[in-house]
């Protein structure tokens with residue numbers, strides 16, 4: 001949705017609305033696939049006339065592709081990339097009752113990669129890009145044996161695991177103790193969503209990762225602490241870059257320092273998109 005309730009985004013709302021309108025005015029398509037556990041997944045796809053590759057853009061918690069990537073989708077398109085914007089499970093037109101903070105979403109991301117290669121163009125480079133929950137989703141996806149044309153991953157404001165981000169929110173934002181709340185929640189999540197909050201993490205995936213990584217995080221992010229991106233960076237054994245953006249809040253790095261982020265993105269895409 002545009003506008004966003006967060007007051008920090010207020011001055012960017014007109015531009016966000018303009019770019020959303022630009023995307024919706026294009027000749028985009030909608031695709032529907034099934035998740036590995038039988039949930040309907042829907043995505044918007046904007047094809048470029050002369051594509052260099054495809055960007056798979058995973059949005060954040062209770063967001064959408066056109067909200068969380070507004071202000072950057074036109075820039076990405078100008079670089080020559082097809083854009084695929086899925087609705088994550090339990091969001092938008094996709095099915096599902098539960099947001100699982102990356103645990104099941106990583107399988108959905110993997111399904112979209114396979115769809116691109118089977119139905120669009122398996123000769124083009126693919127880059128995964130995510131914000132917040134989307135960042136954690138694409139980072140966890142690195143735990144799969146990915147096709148050789150997946151060339152890089154871009155992750156903005158990602159957390160390390162459901163367990164750690166919920167503990168952080170309880171302790172630092174809600175000012176509540178982890179015990180017993182977190183452990184009661186852990187039991188309820190297992191019963192209703194059929195996952196363990198600590199069964200997988202970005203660290204698990206990154207320890208076996210073979211794909212170049214670009215991490216971005218705002219130094220003023222109080223929702224997902226910057227140290228989580230630092231931990232992700234340290235866990236990655238291959239080519240990696242980390243940009244801490246001064247004074248940027250959660251998911252706002254590109255908005256706060258567009259020049260620095262654009263240079264980093266162009267260099268990363270050009271370096272690995274060959």
Whole-Å distance linking the alpha carbon centroid of the range 36-56 with that of the range 224-262 is 25
Taking only the Cα positions of the range 139-274, the convex hull volume per residue in Å³ is 111
Square roots of five times the C-alpha gyration tensor eigenvalues of the chain, ordered largest first and given in whole Å, equal 27, 21, 19
In nm², the average projected area of the convex hull spanned by the Cα atoms of the range 1-137 is 7.9
One finds the C-alpha centres of the range 83-102 and the range 131-173 to be spaced, in Å, by 15
Here Rg/Rh (Cα, Kirkwood) for the range 146-220 equals 1.06
Of 159, 69, 179, the most mobile residue in a GNM of the chain (C-alpha springs, cutoff 10 Å) is 179
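Equivalent-ellipsoid semi-axes (√(5λ), Cα gyration tensor) for the range 213-267, whole Å, largest first?
Sorted largest first and rounded, they come to 18, 16, 6 Å.
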Distribution output for the range 37-95: share of Cα-Cα pairs per 5 Å bin in percent, first bin at 0, values 4, 21, 27, 21, 15, 8, 3, 0
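Read-outs: derived from the displayed coordinates by stated rules, not from any lab. Small disclaimer: the values here were computed from a predicted structure and weren't measured.
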